Amino acid sequence: MIYKQVNQKLEMVLGNIEKVIIGKRDIAELSIVALLSGGHVLLEDVPGVGKTVMVRALAKSIGASFKRIQFTPDLLPSDVTGVSIFNPKEQEFIFRPGPIMGHIILADEINRTSPKTQSALLEAMEEASVTIDGVTRGLEKPFFVMATQNPIEYEGTYPLPEAQLDRFLLKMKMGYPGADEEIEVLHRAQYTAPLEELESVITLDELIELQAEIKAVIVDDTIKRYIVELANQTRSHEGVYLGVSPRGSIALMKAAQAYALIQGRDYVLPDDVQYLVPFVFSHRLILKPEANYEGFDAGMVIHEIVATTKVPVKRAVT
């Protein structure tokens, strides 16, 4: 597929989402990066900023099924994956699929449910399948999870273990819209129902083709060394207790390939890596207690590492 055509298709998806979500093109782009990479997103933000609307807009734009799971303390793993129910008439068990059996899944307030139920979702994300009563069932393709958690209310919640956070390709925040953007949101909400009017602009088959195109995006050896050096810097930083694993390096490379594809390129630039590092690495770091006490956070550490790591420069051909 010609990369100009790829860029046009992805621009159509982005434009469609922007009909509903105003002023959040970067978040829409990053969501598509994760979708194309076969990864998942953790969105940490307060209620009411448009998380659900954006995920539904993404699903509608690609003609995908959308499922929403509201996580609560009493939710069971079978409520996510599905359950086998005995049919007395047929004298056999019938599988009733859970909401995980869809293309685009919104896992809302994932930190409000028990670790056991969280693990059921995270296992499905990692394996792209669920095992129920000894039978393994594959999930839909494409399969994309956007999990949300409220950073304000922690009472009665079950924070995801640091090792489990590694399952998410990206972690990001939407933030509030600007004043002019919010006025436009009010205007659209007054006269129209943008989400209800949204139609798909590409098919699922086209999206799967785009996912396959990522593998052909060129990542030069110098870029790979740059990614590894950034990861190594997190492991040796004085304020970091546990740095980024090789899984994080792979995630950064795949995300950079997807981002380059969105920009209409068949090769990755150092700028792509630099832009994506905070979203890919921040939730994979565990800081030392003393660093936390001194007011450091993962974002500050990553900013320092990026600023002090030598950027690869293409050598001129002689």
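The values are calculated or read from the model by the stated rules, or taken from the named source; none is laboratory data. For clarity, every value in this text was computed on a predicted model and none was experimentally measured. For neighbour counting, all protein chains shown are included, and Cβ atoms are generated from backbone atoms with ideal geometry for every residue, glycine included. Ligands, DNA and RNA are stripped out before the accessible areas are found, and what is left, the full protein with its side chains, is counted by its heavy atoms. Shrake-Rupley method; radii C 1.70, N 1.55, O 1.52, S 1.80 Å.
If you scan the range 120-142, which residues turn out to be touching a residue at least 60 places away in the same chain (Cβ under 8 Å) and more than 17 Å from Gln164 (Cβ to Cβ)?
Within the range 120-142, the subset touching a residue at least 60 places away in the same chain (Cβ under 8 Å) is 125, 140-142.
Those that are touching a residue at least 60 places away in the same chain (Cβ under 8 Å) and more than 17 Å from Gln164 (Cβ to Cβ): Glu140, Lys141, Pro142.
Okay, residues lined up against (1) open to solvent by 50 Å² or more (accessible area, probe 1.4 Å); (2) at pLDDT below 90:
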| position | (1), (2) |
| --- | --- |
| Lys4 | yes, yes |
| Leu10 | no, yes |
| Glu18 | yes, yes |
| Leu30 | no, no |
| Leu35 | no, no |
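Inspect all residues belonging to the range 30-41 and state whether any of them is over 17 Å from the mean Cα position of the chain (by Cα) and of a type in the set (S, T, N, Q).
Kept after step one, since they are over 17 Å from the mean Cα position of the chain (by Cα), are these residues of the range 30-41: none.
No, because not a single residue in the range 30-41 is over 17 Å from the mean Cα position of the chain (by Cα) and of a type in the set (S, T, N, Q).
Which of the residues belonging to the range 113-132 are more than 19 Å from the chain's Cα centre (by Cα) and surrounded by fewer than 22 Cβ atoms within 10 Å (Cβ to Cβ)? Give the steps one after another, and end with the answer.
We begin by selecting, within the range 113-132, every residue more than 19 Å from the chain's Cα centre (by Cα); these are 113-117, 130-132.
Within the range 113-132, Ser114, Pro115, Lys116, Thr131, Ile132 qualify.
Checking each residue in the range 194-235 for being closer than 19 Å to Tyr267 by Cα, assigned to a loop (DSSP other than H, G, I, E, B) and open to solvent by less than 60 Å² (accessible area, probe 1.4 Å) picks out Val217, Val219.
Just wondering, is there one or more residues in the range 36-45 that are of a type in the set (Ser, Thr, Tyr), in contact with a Lys or Arg (Cβ under 6 Å, 6 or more places away or on another chain) and in a helix (DSSP H, G or I)? Give the steps one after another, and end with the answer.
Filtering the range 36-45 down to residues of a type in the set (Ser, Thr, Tyr) leaves 37.
This time we only want the ones that are in contact with a Lys or Arg (Cβ under 6 Å, 6 or more places away or on another chain), so: 37.
Now narrow it down to the ones that are in a helix (DSSP H, G or I): 37.
Yes, some residue in the range 36-45 is of a type in the set (Ser, Thr, Tyr), in contact with a Lys or Arg (Cβ under 6 Å, 6 or more places away or on another chain) and in a helix (DSSP H, G or I).
Yes or no, residue by residue, for (1) closer than 30 Å to Pro115 by Cα; (2) touching a Ser or Thr at 6+ places or on another chain (Cβ under 8 Å); (3) at pLDDT below 85; (4) hydroxyl-bearing (Ser, Thr, Tyr):
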{"position": "Leu186", "(1), (2), (3), (4)": "no, no, no, no"}
{"position": "Gln190", "(1), (2), (3), (4)": "no, no, yes, no"}
{"position": "Leu195", "(1), (2), (3), (4)": "no, no, yes, no"}
{"position": "Ile202", "(1), (2), (3), (4)": "no, yes, no, no"}
{"position": "Asp205", "(1), (2), (3), (4)": "no, no, no, no"}
{"position": "Glu209", "(1), (2), (3), (4)": "no, no, no, no"}
{"position": "Glu213", "(1), (2), (3), (4)": "no, no, no, no"}
